[in-house]
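Structure record follows, encoded as structure tokens.
The values are calculated or read from the model by the stated rules, or taken from the named source; none is laboratory data. Quick caveat, the model's predicted, so the values are computed rather than measured. Cβ placement follows ideal geometry from the backbone for every residue including glycine, while neighbour counts extend to all protein chains displayed. Ligands, DNA and RNA are stripped out before the accessible areas are found, and what is left, the full protein with its side chains, is counted by its heavy atoms. Shrake-Rupley method; radii C 1.70, N 1.55, O 1.52, S 1.80 Å.
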Amino acid sequence: MANKFSFSMWNYPTLDDAVPNDPETWAECGLTVPMAHTLEYGKHSPEHLIPYLDKCKELGLKCIVRVIGLTYGDYCSIGAAEYEKRFAEIYAPLDGHPALYGFFVGDEPCLEEHYSACIECVKIQKRIAPELHPYLNLHTCMDDTDPALLGGRTFREWLKYAAKEAGLEIFSYGHYDQLWTGNEDGMDSYYRNLRALSEAANDAGVDLWNTQLSTAHYMFRIPTEYDFMWQITTAAALGSRGVVWFKFYDRALDHNAHTSPIDEYGMKTEQFYKLMRCQRRFNDMHGELIMSLRFKKGYLTGKPYGGYETFGEGCHPDIKNVIGTEQAVVSFFEDENGTEYLCVVNASQTTPGVFRIEHDREAVLVEEIRLNGRKTIEYNYEHTEAHWDGLWLHPGQMAIFKVTHK
């Protein structure tokens, strides 16, 4: 169970801005698949990445490499032959490096030629480097994409085609409205997109990652420590296999965007340590376990955001209800042996809550799993009119339970 939940970030500074201890900073923060500093084709030699990849190997990290001049947009400009030549040239000195995860394909395609180019780029990358995982970031609301942009396919059909035809294994998408204070539409949009794209990823057999917010940006607030954990756990509980943060480094000349984990002076901010605690805690408690499980179905309690079904009587034969003082995410996973797991997240962004699982005690044994299985506690909380006892969770906190049928 050594495969950790994937934590990455958008990394815009180029190799000119890199310093030798960057991988130590990424590892300290709890990133597991960081995006390396950007290369510019024709300016930066890929050999300059090798010391950073060597250090990442030592620290147990894998790297996504972003190359300006090697995206789907460049493919549209230079054609297949030149793209393949460039990719082979960049890849050759890095071939076989154990810390190389994959190359960045591009961000938010919006034209028909872009989507077609994405598939061709993945094909080329997988043909030359079949062991790698090309990384593509898409839009929110992909389920609403005009089929004319996707070769006449719905998005779900296109994703299956990209997986089968090109070998696409992973995609992400960005969504930030969950941190738009007081905006109920933003919260509904967050869950609506997560539900649709998680279903699409499951159907296509690819991994879904979320690009989420670590920086104050546009009308979105500075994320709190609760916000960081909430973004991780709601995504993971509902089928995501990784979180990519926007963004990690502040840029001196940016308007509005500020308070990233690393400021424009290269210093760690308060946000660095908040994010560090959340990422490391999540992987220490749940990350390895949840990566060993297959997502089955997700529900909400309270407000039925995003079209999710409200969990309650009749949703599960033995888990009768999850009752709480706050909104919750309730979801089910399964391991390779068919054993079922129940996940509960306090889905309030601001308020601690207490939750009670009602289950058929004669039919199933429910045990809380902590520290990725190194600690197990039988769930036997009681509730009377005089006293509410149960599962106390801070905003965004997750608990996972093994459900064993007797």
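Rolling a 1.4 Å probe across the protein heavy atoms gives the range 192-243 an accessible surface of 25 Å² per residue. Summing Cβ point charges (Lys, Arg +1; Asp, Glu -1) relative to the Cα centre of the range 118-174 gives a dipole of roughly 220 debye. Computed with a 1.4 Å probe on the full set of protein chains, the accessible area for residue 381 sits at about 70 Å².
Placing a pseudo-label 7 Å from each Cα along the Cα-to-Cβ vector at residue 95 and residue 362 gives an inter-label distance of 6.7 nm.
The residue among 218, 208, 190 whose Cα reaches farthest toward the positive pole of the charge dipole of the range 180-233, with charges on the beta-carbon of Lys, Arg, Asp and Glu, is 218.
Projecting the Cα atoms of 91, 355, 372 onto the dipole axis of the chain, where Lys and Arg carry +1 and Asp and Glu carry -1 at the beta carbon, places 372 farthest toward the positive end. Taken per residue, the accessible surface of the range 279-406 reaches 46 Å², heavy atoms only and a 1.4 Å probe.
This model, with +1 at the C-beta of Lys and Arg and -1 at the C-beta of Asp and Glu, gives the range 187-274 a dipole about its Cα centre of some 60 debye.
Share of the chain's accessible area from carbon and sulfur, percent, 1.4 Å? Roughly 49 percent, rounded to a whole number. Checking (1) 72, 48, 40; (2) 74, 54, 42; (3) 96, 52, 37 against Cα extents along the principal axes in Å calculated from these atoms, the matching label is (1). Computed from Cα atoms, the angle from the helix 72-91 axis to the main principal axis of the chain rounds to 90 degrees. Dipole size of the chain about its Cα centre, with +1 on Lys/Arg Cβ and -1 on Asp/Glu Cβ: approximately 560 debye, rounded to the nearest 20.
Here the Karplus curve 6.51 cos²θ - 1.76 cosθ + 1.60, taken at θ = phi - 60°, turns the phi angles of the range 201-216 into couplings of 5, 4, 5, 8, x, 10, 8, 9, 10, 10, 8, 10, 9, 10, 9, 5 Hz, with x standing for Gly and Pro. Comparing Cα centroids, the range 16-70 and the range 320-383 end up 38 angstrom apart. For residue 303, the aspartates and glutamates whose Cα comes closer than 18 Å to its Cα, not counting residues fewer than 8 places off in the same chain, are 177, 184, 185, 188, 313, 326. Among the DSSP beta bridges whose two residues both lie in the chain, what percent are antiparallel, rounded to the nearest 5? Among the beta bridges of the chain, antiparallel pairing accounts for roughly 60 percent.
Local charge sum around residue 315 (other residues, Cβ-Cβ under 14 Å, Lys/Arg +1, Asp/Glu -1)? For residues surrounding residue 315, the net value is -3.
On a per residue basis, the range 1-96 carries 42 Å² of accessible surface, using protein heavy atoms and a 1.4 Å probe. For the residue pairs 62/268; 57/402; 247/274; 85/126; 85/123, alpha carbon separations beyond 24 Å are given by 57/402.
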